[in-house]
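Visitor: My questions all concern the structure below.
The values are calculated or read from the model by the stated rules, or taken from the named source; none is laboratory data. Just so it is clear, the structure is predicted and the values come from calculations on it, not from any experiment. With ideal geometry, Cβ positions are generated from the backbone for all residues, glycine too; neighbour counts draw on all protein chains shown.
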Amino acid sequence: MNNILVTGGNGQLGSELKEIVPNYQDYNFLFTDVKALDITNHTTVAAFIMSNNITVIINCAAYTAVDKAESEPELSDAINHLAVANFAQIAKDNNIKLVHISTDYVFDGANHKPYVEKDTPNPKSVYGKTKLAGERAMQTINPENSIIIRTSWVYSSYGNNFVKTMLRLGKERDELNVVADQIGTPTYAGDLAQAILTLLPQINNETVQLFHYSNEGVCSWYDFAKAIFEIKGLPIKVNPIETSQYPTPAKRPFYSVLNKTNIKENFQMEIPYWKTSLDKCKIIISDKNEN
């Protein structure tokens, strides 16, 4: 029996994994959150992994408050970098598979074509810098049978995300201003969760491998907002604005579309179009899930 530790078990991705794990009878999943397992406490983490005979770690935990990270760089680094290094060392020492989730924010957004895994990162925010530091620590320690998956613009019915924010604001206002000059791809966490469990038994590599995963297609935050309200049938007027009109503490990449060719070819994976997944998820953005 494979005992799989999923950190960040109450976050968007961890919660979506919980939804589909009943379909995987060969695995025993242990979902943890910060209350059950503080991943910044490296000694406690090692003891937990050993005592539970963990054979696979899926690290969904992250400090994802992008703007708040600018004022909490040490905590962001502890979670996004140092904890990842600890997982990597434990994985290497004990022959444990490790799947780590990273972000499109490792790029500066200066590209004009989808980023491939070999493109040079150049993060502009504390969040992006600490996530990149986690990637590099994992690659340096280099546990076998381990992968990094960069993703983007994640949403689900769980946690805080753009979809839920738009629906909340749509209840309060008739008109919204949304940034239209930042381009990327929404990713439904349920699709990413399914992708992880699909590729898990196929992982067989001597050095850490890096993959990109998001839904297919390209849009701006403005386009994303428009699609959300159209699916819900809400007559909200959405006005496109420039990033300069909506200043934030952390800089966002203007263009962070990810090229998914590598993961699709390596794992024979089909990836849904972003609007298809958003439409498929009408239930998750129903009234009972908007709070």
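Visitor: Is it the case that region 58-80 has a residue that's touching a Leu at 6+ places or on another chain (Cβ under 7 Å), at pLDDT 95 or above and either assigned to a loop (DSSP other than H, G, I, E, B) or among the aromatic types (F, W, Y) (or both)?
Guide: Within region 58-80, one or more residues are touching a Leu at 6+ places or on another chain (Cβ under 7 Å), at pLDDT 95 or above and either assigned to a loop (DSSP other than H, G, I, E, B) or among the aromatic types (F, W, Y) (or both).
Visitor: Inside region 246-268, can you point out the residues that are surrounded by 12 or more Cβ atoms within 10 Å (Cβ to Cβ) and within 25 Å of E172 (Cβ to Cβ)?
Guide: Across region 246-268, the qualifying residues are Y246, T248, P249, A250, R252.
Visitor: One residue is enough: does region 232-243 have a residue meeting the conditions part of a helix (DSSP H, G or I), without any contact (Cβ under 8 Å) to a residue 24 or more places away in the chain, among the hydroxyl-bearing types (S, T, Y) and over 24 Å from S156 (Cα atoms)?
Guide: No, there is no match, as no residue in region 232-243 is part of a helix (DSSP H, G or I), without any contact (Cβ under 8 Å) to a residue 24 or more places away in the chain, among the hydroxyl-bearing types (S, T, Y) and over 24 Å from S156 (Cα atoms).
Visitor: Scan region 200-214 residue by residue and report those that are closer than 20 Å to D108 by Cα and either part of a loop (DSSP other than H, G, I, E, B) or more than 18 Å from the chain's Cα centre (by Cα) (or both).
Guide: Y213, S214
Visitor: Working carefully through the options D93, D108, find the one that is touching a Pro at 6+ places or on another chain (Cβ under 7 Å) and farther than 20 Å from L192 by Cα. If you could, list the steps in order and put the result at the bottom.
Guide: Values: D93 fails: touching a Pro at 6+ places or on another chain (Cβ under 7 Å).
Of the residues listed, the single one that is touching a Pro at 6+ places or on another chain (Cβ under 7 Å) and farther than 20 Å from L192 by Cα is D108.
Visitor: Take the residues of region 73-123 that are under 22 Å from A46 (Cβ atoms) and basic (K, R): which is surrounded by the most Cβ atoms within 10 Å (Cβ to Cβ)?
Guide: My answer is K97.
Visitor: Residues T130, T165, T151: which one is within 29 Å of Y273 (Cα to Cα) and either within 17 Å of the chain's Cα centre (by Cα) or among the aromatic types (F, W, Y) (or both)?
Guide: Exactly one residue qualifies, and that residue is T151.
Visitor: Could you check region 104-199 for helices (runs of 4 or more DSSP H) lying wholly inside it with 3 or more residues that are β-branched (V, I, T)?
Guide: 126-141
Visitor: Regarding region 180-187, can at least one residue be identified that is buried (at least 18 other Cβ atoms within 10 Å of the Cβ), touching a residue at least 24 places away in the same chain (Cβ under 8 Å) and more than 21 Å from the chain's Cα centre (by Cα)?
Guide: Yes, some residue in region 180-187 is buried (at least 18 other Cβ atoms within 10 Å of the Cβ), touching a residue at least 24 places away in the same chain (Cβ under 8 Å) and more than 21 Å from the chain's Cα centre (by Cα).
Visitor: For Y222, all conditions in the list (1) among the hydroxyl-bearing types (S, T, Y); (2) in a loop (DSSP other than H, G, I, E, B); (3) surrounded by 15 or more Cβ atoms within 10 Å (Cβ to Cβ) hold save one; what is the number of the exception?
Guide: (2)
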